[in-house]
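Single-structure report; data block below.
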Amino acid sequence: MRIARCPHAAFTCLLVLALTTACGGGDAAEDADPSAEASTEAEGSAEAEAPPANPAPAADPSAATNAPLTAADIDVWQKGMAGELEAVRAAGTKMKSAKTESDTLSAMMEVQENATQAAGAKGAGVELERYKVIRSNLSAAVSYLTPHLGGIDTTMLSAAQRAELRQSNEAQLKQLETQVPAEVIEALRPRAVELRTQSMELVGARLKGAGM
């Protein structure tokens, strides 16, 4: 009878040992989990405490305002001059209907260059400060390209003098290239007379609107 019970007892011992080992493995796994969780929490904490990335610097508004001109700005200037001319003519109408000295003075102020630039910028569809840059630089460029309009009577100059004047104007245009690139100057050349004439018409309208 003892011999018959021994195999059963041995099997029971092996089963108990297997269960004990299995339970021990489960405890080890459970023991490992807190460590893993602690590591994850530490990583999350480090990420949370990490300083935020430096924000991108704000765009400088003056950079866009003073950016070199492009060929498209030629049309911007032309539209702007048309807008200014409308403003000058409107002020001239007010001048004619003025009944007091105050009304007359107000209308005279409205035809001035500083007063009409906002209308020009609106007509051109650009910001006022950008329009001022476009207007100033392109006006200077076309004056150098058309010295015979509103300036020196070149017919009275000798060939040598005309050549010297041309060289001087080209040197002035070269200095403008930081704001008016060479390709824009070339785009201006065939339109210079037209644009200079339009600019002079605006000046004449100002004088007329001011009663001069």
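The values are calculated or read from the model by the stated rules, or taken from the named source; none is laboratory data. Just so we're clear, the structure is a prediction, and the values are computed from it rather than from any experiment. Glycine also receives a Cβ, built like all others from the backbone with ideal geometry; neighbour counts cover every protein chain displayed.
Please name all residue pairs, on different chains or six or more residues apart, with Cβ atoms under 7 Å, provided the first residue is in the stretch 183-208 and is more than 17 Å from GLN112 (Cβ to Cβ) and part of a helix (DSSP H, G or I) and the second residue is modelled with pLDDT of 95 or more and among the basic types (Lys, Arg).
none
Please indicate, with yes or no, whether at least one residue in the stretch 118-131 is surrounded by 12 or more Cβ atoms within 10 Å (Cβ to Cβ), of a type in the set (A, V, I, L, M, F, W, C) and at pLDDT below 95.
Checked against the condition, which is being surrounded by 12 or more Cβ atoms within 10 Å (Cβ to Cβ), of a type in the set (A, V, I, L, M, F, W, C) and at pLDDT below 95, the stretch 118-131 yields no hits at all.
For the stretch 151-173, indicate whether the set of residues that are surrounded by fewer than 14 Cβ atoms within 10 Å (Cβ to Cβ) and in contact (Cβ under 8 Å) with a residue 40 or more places away in the chain is non-empty.
Checked the stretch 151-173: no residue is surrounded by fewer than 14 Cβ atoms within 10 Å (Cβ to Cβ) and in contact (Cβ under 8 Å) with a residue 40 or more places away in the chain.
If the Cβ limit is 7 Å and pairs must be 6+ apart or interchain, which residue in the stretch 91-120 that is under 15 Å from LEU202 (Cα atoms) pairs with which residue that is buried (at least 16 other Cβ atoms within 10 Å of the Cβ) and among the aromatic types (Phe, Trp, Tyr)?
Here the result reads GLN117/TYR131; GLY120/TYR131, each pair linking the stretch 91-120 to a residue that is buried (at least 16 other Cβ atoms within 10 Å of the Cβ) and among the aromatic types (Phe, Trp, Tyr).
State all residues of the stretch 64-81 that are in a helix (DSSP H, G or I) and either at pLDDT below 95 or loosely packed, with under 15 Cβ neighbours inside 10 Å (or both); if no residue qualifies, say none.
Listed by number, the residues that qualify are ALA64, THR65, ALA72, ASP75.
Taking GLU110 as the residue in question, decide whether it is over 30 Å from GLU183 (Cβ atoms), at pLDDT 95 or above and not basic (Lys, Arg).
No, not satisfied.
Taking the stretch 132-165 only, how many residues are within 17 Å of LYS79 (Cβ to Cβ) and either touching a Pro at 6+ places or on another chain (Cβ under 7 Å) or at pLDDT below 95 (or both)?
0
Going through GLU86, GLU47 one at a time, which residue ends up being at pLDDT below 85 and acidic (Asp, Glu)?
Details: GLU86 fails: at pLDDT below 85.
From the options GLU86, GLU47, the qualifying one is GLU47.
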